[in-house]
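The values are calculated or read from the model by the stated rules, or taken from the named source; none is laboratory data. Here the structure is a predicted model, which is why all the values come from computation and not from measurement. Please note: Cβ atoms are built from the backbone with ideal geometry, for glycine as well, and neighbour counts cover all protein chains shown.
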């Protein structure tokens, strides 16, 4: 059971969508199908470099210095995705023409005293990949404003945020620490155990955020401690089409292909009887993306049902149910004829990272037998079980009211709160889905 629970750090998005009406121009509800799930063949990249004086110390030592290689690395990586532009920012944002971005490998441009990340979020183009390089030193009020803007501009539009943390050599001044806003010098020397973190925030299309993080990991070859966090609606890097998955069983349901939707990964399904339980069993292979948040095995399922009215969809009902976590050797549960909804996830024996999903529901409990029904079934971790990776707590400094001699420069002040607020903001905007099923059911 323990092995299975560990395997549940997964990210599954499956679309089972279809239709069955006399009109071949049937329009589907837009909310379940996020544009972020579509691969972008080309995406322009905007890089925003924090020009405040607190960043200067990352440029001063030669040993263990990823930071000084970063402008060229980002240019090379971003150029493979589309057009790349660089900006410096403090209180305001300034475009960096030509190769002026390379000045940020030296102490010279770090003269700003205010870090206005909120202005960067305002300026970010959601059709581009926006990358912010910063040390995440923000006041509570400033960061709260940043999180609210990221939620409304990115999370509520099905877009993603990635975070890369890198420990780098540092010799310089640290500002605004503790209740008295102390400033003091910190020197890591050439000792990796004293290196100081900085962060890369990546915001944009889900696929491209994942691609950037994976490419960065491959191309950044220095041995510095590097960690990843991915905050995204969909918790899997697998295909969003059921055509790549194996259907093991369908009871009281049957396939339809009246509208030739298979090419789009869409499936329509008919129901033999709305008064009898319907069962759908799917086998899938898990693929956890880089930086995905872990979660404890506490899952919930939400069902949203719409009925067709002319060319619109009218919400019919919305319900939540628990999801059963089963072990591989456990016997199947007997399903009552009057079952509203039952969902079970079980590992497949002798098949690593492979699971079955069993859904059983009585259509008449939710659906209108006289209409075409659009059904969205999502399975998500509960808010309490959806957690930050352990590295965030390890890199976070909670007690900041200390003397300079006691200040731990290898950690970031209140990092758990900073990144935790981003995680909670994603969850409140739309619960990250392990599984997201969209399909149309109708009685024939």
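The set of residues in segment 275-296 that are touching a strand residue (DSSP E or B) at 6+ places or on another chain (Cβ under 7 Å) and under 17 Å from residue 342 (Cβ atoms) comprises 277, 278, 279, 280, 281, 282. So, residue 103, is that one assigned by TED's automatic domain parsing to the domain that holds residue 51, in a helix (DSSP H, G or I), farther than 21 Å from residue 426 by Cβ and in contact with a strand residue (DSSP E or B) (Cβ under 9 Å, 6 or more places away or on another chain) or not? Against the criterion (assigned by TED's automatic domain parsing to the domain that holds residue 51, in a helix (DSSP H, G or I), farther than 21 Å from residue 426 by Cβ and in contact with a strand residue (DSSP E or B) (Cβ under 9 Å, 6 or more places away or on another chain)), residue 103 qualifies.
Among the residues of segment 173-203, which ones are surrounded by 18 or more Cβ atoms within 10 Å (Cβ to Cβ) and at pLDDT 95 or above? Hits for segment 173-203 are 188, 195, 196, 197, 198, 199, 200, 201, 202, 203. Picking from residues in segment 283-310 that are within 24 Å of residue 350 (Cβ to Cβ) and part of a loop (DSSP other than H, G, I, E, B), the one that is farthest from the chain's Cα centre (by Cα) is 297. Listed conditions (1) outside any strand (DSSP E or B); (2) more than 14 Å from the chain's Cα centre (by Cα); (3) buried (at least 16 other Cβ atoms within 10 Å of the Cβ) are all met by residue 420, apart from (2).
Being closer than 19 Å to residue 413 by Cα and modelled with pLDDT of 95 or more holds for only one residue in 150, 164, and it is 164. Being assigned by TED's automatic domain parsing to the domain that holds residue 341 and farther than 30 Å from residue 211 by Cα holds for only one residue in 298, 278, and it is 278. Every listed requirement among (1) within 24 Å of residue 172 (Cβ to Cβ); (2) out of contact with any strand residue (DSSP E or B) (no Cβ under 8 Å at 6 or more places or on another chain); (3) part of a loop (DSSP other than H, G, I, E, B) is met by residue 405 save one, (3).
Among the residues making up segment 109-168, those that are in a loop (DSSP other than H, G, I, E, B), surrounded by 15 or more Cβ atoms within 10 Å (Cβ to Cβ) and more than 20 Å from the chain's Cα centre (by Cα) are 109, 110, 115, 116, 135, 137, 138. A single entry from 359, 415 fulfils the requirement of being more than 27 Å from residue 201 (Cβ to Cβ) and either in contact with a strand residue (DSSP E or B) (Cβ under 9 Å, 6 or more places away or on another chain) or buried (at least 16 other Cβ atoms within 10 Å of the Cβ) (or both): 359. So is residue 82 in a loop (DSSP other than H, G, I, E, B) and free of Cβ contacts under 8 Å to residues at least 40 places away in the same chain or not? Considered against the rule, which asks whether it is in a loop (DSSP other than H, G, I, E, B) and free of Cβ contacts under 8 Å to residues at least 40 places away in the same chain, residue 82 comes out as no.
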